[in-house]
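Peer 1: Let me begin by handing over the structure; questions about it come next.
The values are calculated or read from the model by the stated rules, or taken from the named source; none is laboratory data. Computed from a predicted structure; not experimentally measured. Cβ: placed from backbone, ideal geometry, glycine included. Neighbour counts: every protein chain shown. Heavy atoms of the whole protein, side chains included, go into the accessibility calculation; ligands, DNA and RNA do not. Shrake-Rupley method; radii C 1.70, N 1.55, O 1.52, S 1.80 Å.
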Amino acid sequence: MAMHVLRQVMQMVMVRHRVEDVEQDVCLPPMKHEVVYMDLSEYALQSYNALQAGIVINAVDSERRDQVPKEDFELLQSALAHAAAAASDKLWRAMQRHEDVPF
């Protein structure tokens with residue numbers, strides 16, 4: 001019963017679009033990669049790189065078609081290397097569990 005009511009409410013408030021319609025209406029700019037040097041501590045830098053890697057991986061995966069363009073592939077390889085470096089650092093991983101870490 002609750003699922004039926006939920007479906008009815010969602011049908012009244014949700015607007016569903018076909019993928020083709022969204023692709024025609026929304027034109028995303030090409031992904032850009034710009035190097036910005038910042039004065040960060042070692043673990044702040046690793047946190048920033050891990051965050052940036054997650055964003056890059058999501059962006060490349062979201063735009064993926066049959067083949068990934070060469071520049072996106074190179075950016076993805078760099079992102080995966082940063083994510084792997086953070087994941088393999090035991091101290092960095094332990095620091096991420098604490099809410100009082102400032103980065």
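Peer 1: Taking the Cα centre of region 15-103 as origin and charging only Cβ (+1 Lys, Arg; -1 Asp, Glu), how large is the dipole, in debye to the nearest 20?
Peer 2: I would put it at about 300 debye.
Peer 1: For region 1-56, give the magnitude of the charge dipole about the Cα centre (Cβ charges: +1 Lys/Arg, -1 Asp/Glu; no others), in debye to the nearest 20.
Peer 2: In total the dipole reaches around 380 debye.
Peer 1: Output wanted: per-residue J couplings in Hz (rounded whole) for region 27-41, from phi through Karplus 6.51 cos²θ - 1.76 cosθ + 1.60, θ = phi - 60°, x for Gly and Pro.
Peer 2: 10, 7, x, x, 6, 10, 10, 10, 7, 10, 7, 10, 8, 10, 5
Peer 1: Okay, moving on. Determine the shape class of region 40-96: with a ≥ b ≥ c the square roots of the Cα gyration tensor eigenvalues, call it rounded for a/c under 1.5, and otherwise prolate if a/b is greater than b/c, oblate otherwise.
Peer 2: It comes out prolate by the Cα gyration axes.
Peer 1: Just read off the accessible area of V15 with the full protein assembly in place, 1.4 Å probe, to the nearest 10 Å².
Peer 2: Only protein atoms counted, so the area is about 110 Å².
Peer 1: Assuming a ≥ b ≥ c are the square roots of the Cα gyration tensor eigenvalues, decide whether the chain counts as rounded (a/c under 1.5), prolate (otherwise, with a/b larger than b/c) or oblate.
Peer 2: Since a/c reaches 1.5 but b/c is at least a/b, the shape of the chain is classed as oblate.
Peer 1: Moving on. Give the distance, in whole Å, between the Cα centre of region 1-17 and the Cα centre of region 33-103.
Peer 2: The two parts, judged by their Cα centres, are 38 Å apart.
Peer 1: Let me ask something else about it. If we count GluC sites (Glu not before Pro) as exposed when they sit in a DSSP loop and have at most 13 other beta carbons within 10 Å, what is the longest stretch of the chain that avoids them all?
Peer 2: Maximal segment without exposed cleavage sites: 35-98.
Peer 1: So what are the ³J(HN,Hα) numbers for region 50-56, from phi and the Karplus equation (6.51, -1.76, 1.60; θ = phi - 60°), rounded to whole Hz, Gly and Pro as x?
Peer 2: Once rounded to whole Hz, the list reads 5, 5, 4, 4, x, 5, 4.
Peer 1: Additional query: Hey, what do the phi angles of region 89-100 turn into as Karplus ³J(HN,Hα) couplings, whole Hz, using 6.51/-1.76/1.60 and θ = phi - 60°, x for Gly and Pro?
Peer 2: Running phi through 6.51 cos²θ - 1.76 cosθ + 1.60 with θ = phi - 60° gives 8, 4, 5, 4, 4, 5, 5, 5, 7, 9, 6, 8 Hz.
Peer 1: Now, a different point. With each run of n ≥ 4 DSSP H residues scored as -39500 (n - 2.57), what mean residue ellipticity at 222 nm is computed for the chain after dividing by its residue count and rounding to the nearest 500 deg cm²/dmol?
Peer 2: Roughly -21000 deg cm²/dmol at 222 nm, from the helical runs in the chain.
Peer 1: Using a probe radius of 1.4 Å on heavy atoms only, what accessible surface per residue do you get for the chain? Whole Å² is fine.
Peer 2: Per-residue value: 89 Å².
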